[in-house]
Structures are given as C-alpha cells and as structure tokens.
Amino acid sequence: MVHKYTAEVIWERGDQVFSDNKYSRKHVLKFDGGIEVQGSSSPFVVPLPYSVENAIDPEEAFVSSLSSCHMLWFLSIAVKQGFVVDSYHDNAIGIMTMNERKKLWVSEVTLNPLVVFSGEKTPTPEGIVRMHDEAHEECFIANSVKSTVRIISR
C-alpha cells in the first residue's frame with residue numbers, strides 16, 4: 001500500500017536584496033486539501049525581523065504532526081473500546097539539542113494529552129496509558145522519526 005501526500009512551499013524574494021542575508025523567511029505552505037498557512041523559520045534559529053513570530057516554523061509543524069497523529073489514533077482506539085471522549089487537549093513540547101555530530105535536531109517530543117471521557121464506561125488510568133501506548137505504536141509519524149517521543153498521560 002502506498003499513499004502520496006503533497007505540500008507546496010512557496011517563497012519569493014520580491015524586492016529584498018538577499019545577498020546581505022537580511023531577507024524574510026516568511027513563506028506559504030499549501031496543502032493538498034486547499035488550506036494555506038504562513039510559514040517561517042523559528043525566531044530561535046533566525047532572529048526577528050527575518051523570521052515571523054506568528055507563522056508556523058518547521059519545528060512546530062514537526063511537534064504538531066506527532067501530536068495530531070497520536071490524538072487521531074487515540075480517538076480511534078477509544079471508540080473501538082466503547083469509550084466516549086468529550087475532549088482531548090495536548091500541550092506538546094519539542095526539545096532541540098545538539099547531536100553527536102554537533103548538529104541541532106529535535107531530539108525529544110513530549111506529548112501531554114489531557115483526555116476527558118463521559119458516559120457509563122470510562123477507562124481506568126492504566127487503561128488510558130495502554131491506549132496511549134497503542135496509539136504511539138500505531139502513529140505513522142512516530143514510526144517515521146528517530147527522536148524520542150514521550151507521552152505523559154494526565
């Protein structure tokens with residue numbers, strides 16, 4: 001089975017000099033469903049005003065991709081087990097460190113999901129941990145990265 005996913009990244013110099021390295025990193029990310037979002041380098045990597053603080057940077061996109069994938073699997077597992085999920089809120093955190101080759105990388109992502117259940121059947125705390133473990137094992141994005149991904153169930 002092969003699935004193809006596309007994303008378009010568009011940046012234009014406009015009237016910026018470019019050769020002085022003082023150009024805007026602002027760009028547009030276009031996805032196959034038609035949505036467009038503002039992208040930029042992280043202000044932690046490229047200082048303002050050359051980065052755009054309120055745009056999505058690649059590191060944030062990476063962290064949110066892991067979080068979103070995990071959530072979608074968790075919801076799927078919960079419904080199959082007969083649980084009703086009212087809300088799922090994750091404050092995911094990515095940590096960038098230096099690797100053994102002295103290159104920066106997102107070495108760890110911590111997911112901090114808070115899941116609220118309702119109904120007559122609710123999972124035990126241990127059951128919630130098992131569902132998170134299974135969601136992590138099934139997540140396509142988590143299976144695609146070498147960074148450590150931790151889940152702290154709240």
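The values are calculated or read from the model by the stated rules, or taken from the named source; none is laboratory data. Just so it is clear, the structure is predicted and the values come from calculations on it, not from any experiment. As a convention, Cβ positions derive from the backbone with ideal geometry for all residues, glycine included, and neighbour counts pool all protein chains shown.
Can you find a residue that is over 18 Å from the mean Cα position of the chain (by Cα) and not assigned by TED's automatic domain parsing to the domain that holds CYS139 anywhere in segment 59-77?
No, segment 59-77 contains no residue that is over 18 Å from the mean Cα position of the chain (by Cα) and not assigned by TED's automatic domain parsing to the domain that holds CYS139.
What are the pairs, 6+ residues apart or on separate chains, where a residue within segment 36-53 that is assigned by TED's automatic domain parsing to the domain that holds GLU12 has its Cβ under 7 Å from a residue that is surrounded by fewer than 12 Cβ atoms within 10 Å (Cβ to Cβ) and acidic (Asp, Glu)?
The qualifying pairs are PRO43/GLU53.
Considering (1) surrounded by 12 or more Cβ atoms within 10 Å (Cβ to Cβ); (2) in contact with a strand residue (DSSP E or B) (Cβ under 7 Å, 6 or more places away or on another chain); (3) among the aliphatic types (A, V, I, L, M), say which one ILE77 fails and leave the rest.
(2)
Taking THR97, is it out of contact with any helix residue (DSSP H, G or I) (no Cβ under 6 Å at 6 or more places or on another chain) and either in a strand (DSSP E or B) or in the same structural domain as SER42 (by TED's automatic domain parsing) (or both)?
Against the criterion (out of contact with any helix residue (DSSP H, G or I) (no Cβ under 6 Å at 6 or more places or on another chain) and either in a strand (DSSP E or B) or in the same structural domain as SER42 (by TED's automatic domain parsing) (or both)), THR97 qualifies.
Taking segment 106-131, which residues are within 20 Å of ILE141 (Cα to Cα), surrounded by 15 or more Cβ atoms within 10 Å (Cβ to Cβ) and touching a strand residue (DSSP E or B) at 6+ places or on another chain (Cβ under 8 Å)?
Correct list: VAL106, VAL109, THR110, LEU111, ASN112, PRO113.
The rows are residues; the columns are (1) closer than 30 Å to VAL17 by Cβ; (2) of a type outside the set (Val, Ile, Thr); (3) modelled with pLDDT under 95.
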residue	(1), (2), (3)
ALA61	yes, yes, no
LEU72	no, yes, no
GLY82	no, yes, no
ASP90	no, yes, no
THR97	no, no, no
VAL109	no, no, no
SER118	no, yes, no
VAL145	no, no, yes
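Is there a residue in segment 59-69 that is in contact with an Asp or Glu (Cβ under 7 Å, 6 or more places away or on another chain), surrounded by 18 or more Cβ atoms within 10 Å (Cβ to Cβ), part of a loop (DSSP other than H, G, I, E, B) and polar (S, T, N, Q)?
Within segment 59-69, none of the residues are in contact with an Asp or Glu (Cβ under 7 Å, 6 or more places away or on another chain), surrounded by 18 or more Cβ atoms within 10 Å (Cβ to Cβ), part of a loop (DSSP other than H, G, I, E, B) and polar (S, T, N, Q).
Check segment 104-125 and report whether any residue there is hydroxyl-bearing (Ser, Thr, Tyr) and under 20 Å from the mean Cα position of the chain (by Cα).
Taking every residue of segment 104-125 in turn, at least one turns out to be hydroxyl-bearing (Ser, Thr, Tyr) and under 20 Å from the mean Cα position of the chain (by Cα).
Among the listed residues ASP133, ASP86, ASP90, identify the single one that is under 25 Å from VAL37 (Cα atoms), among the charged types (D, E, K, R) and without any contact (Cβ under 8 Å) to a residue 40 or more places away in the chain. Reasoning before the result, please.
On the way: ASP133 fails: under 25 Å from VAL37 (Cα atoms); ASP86 fails: under 25 Å from VAL37 (Cα atoms).
Criteria check complete, one pass: ASP90.
Within segment 114-154, which residues are assigned to a strand (DSSP E or B) and either under 25 Å from PHE44 (Cα atoms) or among the β-branched types (Val, Ile, Thr) (or both)? Before the answer, list the steps.
Within segment 114-154, the subset assigned to a strand (DSSP E or B) is 114-118, 148-151.
Result: VAL115, VAL116, THR148, VAL149, ARG150, ILE151.
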